[in-house]
Every structure is written in C-alpha cells, then in structure tokens.
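Trainee: Quick one: the structure is below, questions incoming.
The values are calculated or read from the model by the stated rules, or taken from the named source; none is laboratory data. Since the structure is predicted, the reported quantities are computational estimates derived from the model, not experimental observations. Here the Cβ is made from the backbone with ideal geometry for all residues, glycine too, and neighbour counts use every protein chain on show. These accessible areas exclude ligands, DNA and RNA; they are computed on the full protein's heavy atoms, side chains included. Shrake-Rupley method; radii C 1.70, N 1.55, O 1.52, S 1.80 Å.
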Amino acid sequence: MSAPCLSQRAGVPRLAGAPGRAGRRAALRCAAAPAPVAAPVAEDAWLAKNVVPLLEGASAPGPLAGLRGACAPALAGLRMPSTRSEEYRYTDISPLLAAGLAAAPADAPVDAALLEALALPEAAGSTAVLVNGALRPELSDLSALPAGAYVGGAAGAPAEALALLGAQSGARGGPFAVINGVLARDALVLSLPAGAALAQPLHVLHVSTAAPVGGNGGGPTLAASAPRLLVSLGAGASAELVEEHVSAGSSGAHAAVCVAEVALGEGAALRHGYAARDAAGGCHFKSTLVTQAEGSSYSLVEARIGGSLSRHDLSIAQSGPDTVTSLRHFLLAGAGQLQDLHSKLVLDHPRGQAEQLHKCIASAASGRGVFDGNVKVNRLAQKTDAGQLSRNLLLVPKATVNVKPNLQIIADDVKCTHGCTVSDLSAEELFYFRARGVSYDQARTALVYSFGAEVVQELRHERLVARIQADVQASLAAAVAEMEWTEDGQLWVQYVSSTPATRLDVISLQERLDQQLQQRQARETGICPVREGLYAQCLDELIRQVTVNCAERGLLLLRVRDEMRMTIAAYQTLYESSIAFGMRKALLTEAGKGELEAQVVQMEGSIKDLERQARRAAPRGRRARARAGWGDAPCATGRAAAELGGPARHAVSHAPPWPQVAEWKLKCEAIEKREAERRESEAKKHKEEVAYLESYAKQLKGQIEAFVTPPKKGAAASAGGGQAVLSAA
C-alpha cells in the first residue's frame, strides 16, 4: 500500500512546524512502496548522534514504512529547537539534549501486579497495553469491543483509517512529530464505522521502561520510544478514549515522543482523557492533532503530574459548522519539573463552540509551568462562542509560570472571552482548616487538590482520579511542615488541636508563658526577639481557642493579627531604611571631610598672605598721608611713646595694621564727603552766576535796542503831509 502524502502545496509535499533552521518547512516525498529506507545524514549533531543510529536495522510494518520514508528526508535538515525559537522560548529541552538515546525494547517485561493496579474496572475487556510504543496483545484485553470496531496495530487496520496516517502530523506537526515518524514501530488504530459507538471507554496504557545505567560516556541515557495513536470515527460514531502514561519502575530514564491523530466525521463525538504520570527524570513530548467535521464534538480532559520535562502540542481545526470543542487541562509542576502546554484552535466555520480551561500549580521554586494558548476565529466563523481561561497557583516563592493566552478574532458576530489569573493559597482558608484540627500539610494538599479537582473529576474514573490525587500528594510532600524545632537532640513537631479550651487550659497557658519567659531569659522591656516569639505563639493559641468556638470571630482576629504584623513590618522597614540613609550620609560626610580640611588650610594661607600685604602697605599709607598734608594725630601707642621720650615712628611700626586701615577708610569717606559738598556748592554758585549774567545780558540788550531805534512821530493831519513824511524818511 502506498503511503498518503502528508501535505500538498504546488505538488510538493511539505512538513510544517520545524523550528529554527528548524523552523523552515522540509519537503516530504511520499513513498510509492514500503521500500527499505536508508538512514539519513542529519545536520543536527544531537540527531546525528542519537536518533539516526536508532534507524539502522530498524523495521516497521508496511503502513508505517511509508510514513518513515516521508519523514526521513525532513529529519536530515531538522534542527532541534532552542529557547531562541519563539515556540520554545520558555521550554528548555537541554535535559534531553544532554542525554543520549538508546532503543527501548518492545518486548521488555512488565510486572503483572503493575498492570493489575492500573486497570480500570469501567474498561474491562477494552484495554490496550503499549510497552515502549509497541502494542502487546498478550497484555491487552479487547474482548468487549462491539462489532465493526477496530482496535489494534496498523497492519490490520481498515484502509480508510490508514489513509489518514501522517496527514495531520505532516501538515501541522512540529520537530518531535518528525522524530516520532522515523522512530515509530507501530501505530495503535481506533476505527469506528458510521453510527457505531463504544459502550465502555477504551483504556490505552502506555508503559515506558528505563534505560540501563551507563553507555553514554558517563552521561545520562534515556530509553527512546515513539508511541503513535490514530483515531478515526465515522459519521455519528462516538467513543471514550483514556490514555495513561506511566513508568515501569521508579526510574524515569526514558524519553517518550508521542503523536495522536484524531479525525472526527460528521456528528461524531470523542471524549478524550489524557493522564501523564511518568516517574521523575522522564522526558515526555506529545503532539495531539484533531480535525473535526460538521456537527462533531471533541472533549479533552488532561492531567499531567509526573516527569521532569513534559510538553504537549495540541492543534485542533474545526473543519465544519456547528462543531463543539471542550478542553480541560490540569498541570502540576513540582521540584525540577517543567510542564508545558501549547494549544492552537482554529475556527473556520459558523456556529462553532470552543471552551478551554487551563489550571497549573507550581509547588516548588524549581518548578515551571508554561501555557501558550491560541484561539483563532476566522472571518467565516460567525456566531462563534469561544472562551479561554487560565488559572495558575504559585505555592512557594520563586515558582514560575509563563502564561500567554491569545485570542485572535477576525469575525464580527461572535461571543469570545479570555482571561488569566496568578495567585497563592488564601491564608484564611489555610487557617480555617488548621483551626479545625487539620494539619498544615493536609490543608495545603486539600486546597491544592480542590483547585485541580474541577478538571480531574471530569475524568470520571474513580481509580484513575485516586491515582492522580496520590500523585498530587506525593508532589506536595516537600511542602512546609508544621512548626518544628530541635530540643535535647530530639525533633519536635507541633500540630493544631481542634479540642475547645477550658478555663484551666487558659490558666495553664499563662503559667507556661511566664515559665518560658524566665527560662529563656526574655527582656522585660525594649526589643526582645525571644519575648516577641513567645507572645506571638500565645496569640495564635488564643485565636485557635476562639476559632474553635466561633470560626467567624477567629477569622476576624486573624485579620487583626495580620494587620498588626504588617504594620510592625512596615515600621521595621522604615527604621532600617532610615538607618541606611544615616549611614550613607555619614559616609558621604566622612568622604568630604578631607576636602573641607584642605579648604581650611588654603583659607588660612590666604589670610596670612593678606596680612603680609597689609603690613607692606602700612608705610606707603603713612607717606601718602604726609604728602597729602593730613594732620592726623598718632595712635595711642605713638602718643604713649612720645610722652616717654621714645620714637613714635618705631612704636607705630609695630602696631597691627588693621586699626590704621579702618581709620584710613573713615578719612577717605570724610574727604569724599567734603569734596562732594564742595562740588555741590560750587555748582550752585556757578548756576546762580549764570542766571545773573543771563538776566543782566537781557537788560543790556533792551537798553541797546532802545538807543538804536529812533522814536516814532505823530500821525500827519493831511495826505500831503503824510507823503512828505514818507519822502523825508
């Protein structure tokens, strides 16, 4: 049988999702016949060292030979992803790359007691056991399957189901889907014809065995397996599938690269349960690819607890109208665990429904949870109802979750919501449990499990739910215990009692408090950590006694206590910051003290220079006064020397110059004042003289004009006389 083409584009089949140089699409040529495939030459060093050697001499059934031949060329140009790739930005696969791979034997023995403990009563007669990716018929029980249903290997699967093998992984798979395609020994096929239904769930149990110690130059070695699952439901068919991944022993030295392809016909319904419970140290990579036809329904309930490195790539395409998709995820990241979920949901048709709930708990500082959920509502998907919610719980400091919910809406008439929350356990809820006699560990476990119970309970199988609950308790075993202390070489643990306190209990509590204060030599006043701790324990005991009788009153007292502690912590922080500020200022002052001392020395030198200049200027000042004719009296020292008959000049020369300078300044000011008054007086006199001369000049001018101008005669009596006067003039 010829293998189908995985993807077609312009006549050339291609593989999507390779990151990096690993992100380019590698061509996959479909094999015309299941001819032997030569081992490719991989460019990636890790693939060339660990994956390619596993292909040499490996055989696969005819239907998978075509798939291997299609994936082998893609493996040659594949690059293992790193954190530099956006798809693996928060997923560090270095634990896998640091280890070597060894082929996991398909015929490895499995303890019958383990299989009996993992059996589901609801799936009696409908259980398929895969050991290291290979179906083991002697360990499986498929006697209760209805007529027309097929559950088994790829060799006897219906042709219409095998036609779907590799179609979705080639078009939407990532690098680990390529690795699965070349390493898969077989594929478990679930095929239901149109209208068929499974009366009971199909339990698919994946068992992984650990690799032997050594064989990798002293480094870790992981047993590699590639389980592959193909589900094909005809129109109107329905089934429930429960996948459970476990380790054969306590060692998780194995790497499982899983692929599940699901094709749902019109009106088909599949309820898919997926539980990953690998042992610590295991690497688990799973790719789930789903295609839904018109009116189909797909429901996924996922719970991943175990392993050290776990990643689930979920890709769903709604290929018809009126499709329904429900996704529920619960992830617990304990010490040294990385739990990653990358989901892509594409809605291309109207009246589609999609709901996704993601819950993650990081219970250790070294635990990390990653969620990258993408819901894309295209233009033709009108009347779509889609919702996405991510809730994350961080139980300890430094625990990390990287959450990226993404909702892309291109259509107009839709109803879409999405949200994300990150928080810790409520202190009031913990106290409520502890006040009723529940230990701290049990209270945390109950609250954590109730956080994930909304998802886990939907698995609906009591034994599977109980196993997951036990895994949660084991993962939380490293949580903070009750108050512990060591006394006289013995470890003491204090638990909370739910017994109501009597009057005698309160009196005994007071006596024990006084006794402890004396024995531990607590200070009566001032700050004393011993006294503070004892009184804090006493207050907690009083709150417990009150809470036993009235929970509401106890919770109110708890809030008051927490507020007091917060206030004290705030004052303590303020005090510490003020101390730090004072120390910083003192250091800065000490650092600037040298500069100030240098400035003082410089200023003292400047003063001495000025004094020398003043002393040199004193004789010149006396000579200047003598030339100016100042008749100033000598100073008191000079007069005293003159009265005693000594030389006055010699006495004055030894007097300090500063009084003389002040005296000279006063004399200069007096001279300037006298000169100003004199100039003002002379200016006034000059002004008066000018005014006088101006008035005198005017008077002289009038007199001269009077002498020069002849006097006027009287008017003539007649005209002739007038003419005579004019002519005479």
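Trainee: Could you give the distance between the Cα centres of region 169-209 and region 323-387, to the whole Å?
Mentor: Each part reduced to its Cα centre gives a spacing of 21 Å.
Trainee: Could you give me the ³J(HN,Hα) list for region 343-354, computed from phi with Karplus coefficients 6.51, -1.76, 1.60 and θ = phi - 60°, whole Hz, x at Gly and Pro?
Mentor: For region 343-354, the Karplus-derived couplings read 10, 9, 10, 10, 10, 10, 9, x, 6, x, 10, 8 Hz, x marking Gly and Pro.
Trainee: Residue 579 to residue 48: FRET efficiency via 1/(1 + (r/R0)^6), r the Cβ-Cβ distance, R0 56 Å, to the nearest 0.05?
Mentor: Computed FRET efficiency for residue 579 and residue 48: 0.35.
Trainee: Still on this model: Please state the charge dipole magnitude for region 45-110, taken about the Cα centre, from unit charges on C-beta atoms (+1 on K and R, -1 on D and E), reported in debye and rounded to the nearest 20.
Mentor: Around 160 debye, computed over region 45-110.
Trainee: Grab the eigenvalues of the alpha-carbon gyration tensor for region 317-413, scale each by 5, take roots, and send me the semi-axes largest first in whole angstrom.
Mentor: One finds semi-axes of 32, 11, 9 Å for region 317-413.
Trainee: Here is a further query. Provide the per-residue ³J(HN,Hα) series for region 510-515, in order, calculated from phi with Karplus coefficients 6.51, -1.76, 1.60 and θ = phi - 60°, each as a whole number of Hz, with x at glycine and proline positions.
Mentor: 5, 5, 5, 5, 5, 5
Trainee: Find the eigenvalues of the gyration tensor of the Cα atoms of region 371-423, then list the square roots of 5 times those eigenvalues as equivalent ellipsoid semi-axes, largest first, in whole angstrom. It would help to have the intermediate numbers written out before the result.
Mentor: On the way: eigenvalues 176, 19, 6 Å².
Ellipsoid half-lengths, sorted descending, are 30, 10, 5 Å.
Trainee: Sticking with this one: Using label points projected 7 Å from each Cα along Cα→Cβ, tell me how many nm separate residue 693 and residue 528, to one decimal.
Mentor: According to this spin-label approximation, the distance is 10.6 nm.
Trainee: Related question: Would you kindly state how much longer the chain becomes between residue 561 and residue 490 on full extension, computed as 0.36 nm times their sequence separation minus their alpha carbon distance, in nm to one decimal?
Mentor: Value of the extension gain: 22.5 nm.
Trainee: Ok, one more. Could you check how much of the accessible area of region 331-484 is carbon and sulfur, as a whole percent, using a 1.4 Å probe?
Mentor: 51 percent
Trainee: Shifting gears a bit: Which of the peptides 140-150, 254-264, 438-448, 68-78 is most tightly packed, and how do the rest follow, judged by the mean count of other Cβ atoms within 10 Å per residue?
Mentor: 254-264, 68-78, 438-448, 140-150
Trainee: Quick one: which residues, 5+ away or cross-chain, put their amide H under 5 Å from the amide H of residue 316? H built at 1.01 Å from N.
Mentor: Distant-sequence amide H within range of residue 316: 290, 344, 345, 346.
Trainee: Amide H of residue 416: which non-local residues (sequence gap of 5 or more, or other chain) have their own amide H closer than 5 Å, using H built in the peptide plane?
Mentor: Under 5 Å from the amide H of residue 416 lie the amide H atoms of 386, each far enough along the sequence or on another chain.
Trainee: May I ask you to compute the full-extension gain from residue 379 to residue 618, defined as 0.36 nm times their residue separation minus their alpha-carbon distance, rounded to one decimal in nm?
Mentor: 75.7 nm
Trainee: In whole Å, what is the distance between the alpha-carbon centres of region 455-472 and region 564-619?
Mentor: 71 Å
Trainee: In whole Å, what is the distance between the alpha-carbon centres of region 87-114 and region 145-160?
Mentor: Centre-to-centre (Cα) distance: 29 Å.
Trainee: May I pose another question? Please report the net charge: other residues with Cβ closer than 11 Å to the Cβ of residue 321, K and R +1, D and E -1.
Mentor: -2
Trainee: Please find the FRET efficiency linking residue 428 to residue 662, where r is the Cβ-Cβ separation and R0 is fixed at 60 Å, and quote it to the nearest 0.05.
Mentor: So, using R0 = 60 Å, E works out to roughly 0.15.
Trainee: Which peptide among 390-401, 571-582, 169-180 comes first, and what is the full order, when sorted by highest mean count of other Cβ atoms within 10 Å?
Mentor: So the peptides 390-401, 571-582, 169-180, ranked by packing, come out 169-180, 390-401, 571-582.
Trainee: Give me the base-10 log of I(q)/I(0) for region 192-308 at each q in 0.10 Å⁻¹, Debye formula, one uniform scatterer per Cα, rounded to two decimals.
Mentor: Cα-only, vacuum Debye calculation for region 192-308: -0.36.
Trainee: OK, next. Order 84-97, 327-340 from most to least packed using the mean count of other Cβ atoms within 10 Å. Kindly include the intermediate steps, with their values, before the conclusion.
Mentor: On the way: 84-97: 16.4, 327-340: 24.1.
Those peptides, ordered most packed to least, come out 327-340, 84-97.
Trainee: Separate question: Starting from the 7 Å offset along Cα-to-Cβ, what nm value, one decimal, do you get for the label separation of residue 588 and residue 143?
Mentor: 8.8 nm
Trainee: Within 11 Å, Cβ to Cβ, of residue 337, how many net charges do the neighbouring residues add up to if Lys/Arg are +1 and Asp/Glu are -1? Please list the in-between numbers first.
Mentor: Working: positive: 304, 368; negative: 278, 340.
Spelling it out: positives minus negatives among the neighbours equals 0.
Trainee: With a sphere of radius 10 Å drawn around the Cβ of residue 184, what net charge do the other residues whose Cβ falls strictly inside it have (Lys, Arg +1; Asp, Glu -1)?
Mentor: Values: positive: 68, 185, 228; negative: 186.
Neighbourhood net charge equals +2.
Trainee: What are the ³J(HN,Hα) couplings of region 183-200, residue after residue, when phi is run through the Karplus curve with 6.51, -1.76, 1.60 and θ = phi - 60°? Round to Hz, x for glycine and proline.
Mentor: 3J(HN,Hα) across region 183-200, in whole Hz: 9, 4, 7, 7, 9, 7, 10, 10, 10, 10, x, 4, x, 7, 8, 8, 6, 9.
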